[in-house]
Amino acid sequence: MEKQNKIEWLFSSRNKEELAERYAQWAKDYDVELERDFEWRGPQRTAELFIRYVPKEARILDAGAGTGLMGEVLLKLGYDNLVAMDLSEAMLEEAQKKNVYREFRQMVMGEPLAFATDSFDAVVSAGVLTVGHAPASSFDELVRTTRPGGHILFTLRTDVYEDRGFKEKQTTLEAEGKWKLVKVSEKTPLLLKEPDVFHQIWVYQVT
Ligand SMILES: C[S@@+](CC[C@H](N)C(=O)[O-])C[C@H]1O[C@@H](n2cnc3c(N)ncnc32)[C@H](O)[C@@H]1O
């Protein structure tokens, strides 16, 4: 499949079952094709911020872990208490091969998560909060499962932030005193082969 079509193909999924089916088709080739066609740098750039805020012994949820690219980067930096969560069993099966995570949980962001309140010291989510994937309402459960004082870091396309309810949700959570904004990165391409698509990396602290 031609590369731009792959992104459109994922974005155009009509429901979570179709999205899971599409990721199941892509899972085995995901790492190679993503690098070849897009040069995705979300995990690396997010990790550069992550190390400023999260101690090495932290229990970390990788929300939408996929094949584990984020976990691989974090393990190299000394984080080894990692839980992988994703809606796609096939993507999680690929992640298991990497020996990076302690647990693998199939769950859907945007629905209630089967984790206790305050389960994690930090949550990280790269390339997941986007069109046809995890909605802005996902933040409610990510905040609930992160302990007070813990951090939530995620990548977000700038167009998605403006147009898909993220700006409103993020602002509302801050106004309600649920989290506070610690840092937002410059607008930058994280898909190096898509220089016109800009992302930001957001860092919040749960209050
Ligand atoms: C583009 S991949 C990113 C994977 C990984 N974080 C990375 O940086 O390579 C998006 C992942 O999010 C998962 N995903 C999409 N919507 C989701 C949702 N609502 N809940 C949980 N996972 C979701 C997909 O199954 C897929 O594995």
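Things worth noting here:
- Residue check, residue 56 over 20 Å from residue 124 (Cβ atoms), modelled with pLDDT of 95 or more and surrounded by fewer than 20 Cβ atoms within 10 Å (Cβ to Cβ): no
- Residues in segment 120-131 that are in a loop (DSSP other than H, G, I, E, B) and more than 7 Å from the ligand (Cβ to nearest atom): 3 in all.
- Lone unmet requirement of (1) assigned to a loop (DSSP other than H, G, I, E, B); (2) within 12 Å of the ligand (Cβ to nearest atom) for residue 93: (1)
- Criterion violated by residue 185 - all others in (1) over 23 Å from residue 105 (Cβ atoms); (2) more than 13 Å from the ligand (Cβ to nearest atom); (3) out of contact with any strand residue (DSSP E or B) (no Cβ under 6 Å at 6 or more places or on another chain) satisfied: (3)
- Members of segment 65-86 that are more than 7 Å from the ligand (Cβ to nearest atom) and either out of contact with any Gly (no Cβ under 9 Å at 6 or more places or on another chain) or part of a helix (DSSP H, G or I) (or both): 68, 71, 72, 73, 74, 75, 76, 77, 78, 80, 81, 83
- Residues within segment 105-119 that are surrounded by 15 or more Cβ atoms within 10 Å (Cβ to Cβ) and away from the ligand (no atom under 12 Å from the Cβ), tallied: 2
- Residues in segment 132-151 that are more than 16 Å from residue 40 (Cβ to Cβ) and within 14 Å of the ligand (Cβ to nearest atom): 132, 134, 135, 136, 137, 138, 139, 140, 141, 142, 145.
- Members of segment 20-67 that are within 17 Å of residue 79 (Cα to Cα) and among the hydrophobic types (A, V, I, L, M, F, W, C): 47, 49, 50, 51, 54, 58, 60, 61, 63, 65
- If you go through segment 29-64 and keep only what is among the β-branched types (Val, Ile, Thr) and away from the ligand (no atom under 11 Å from the Cβ), you end up with 32, 51, 54, 60.
- Listed by first and then second residue, the pairs linking a residue in segment 46-71 that is touching a residue at least 12 places away in the same chain (Cβ under 8 Å) to a residue that is among the β-branched types (Val, Ile, Thr) and part of a loop (DSSP other than H, G, I, E, B), with Cβ atoms under 6 Å apart and 6 or more places separating them unless they lie on different chains, are 64/128; 68/100; 71/100.
- Some residue of segment 40-52 being outside any helix (DSSP H, G or I), in contact with a Ser or Thr (Cβ under 6 Å, 6 or more places away or on another chain) and not acidic (Asp, Glu): no
The values are calculated or read from the model by the stated rules, or taken from the named source; none is laboratory data. None of the values given here were measured: they were computed from a predicted structure. Cβ: placed from backbone, ideal geometry, glycine included. Neighbour counts: every protein chain shown.
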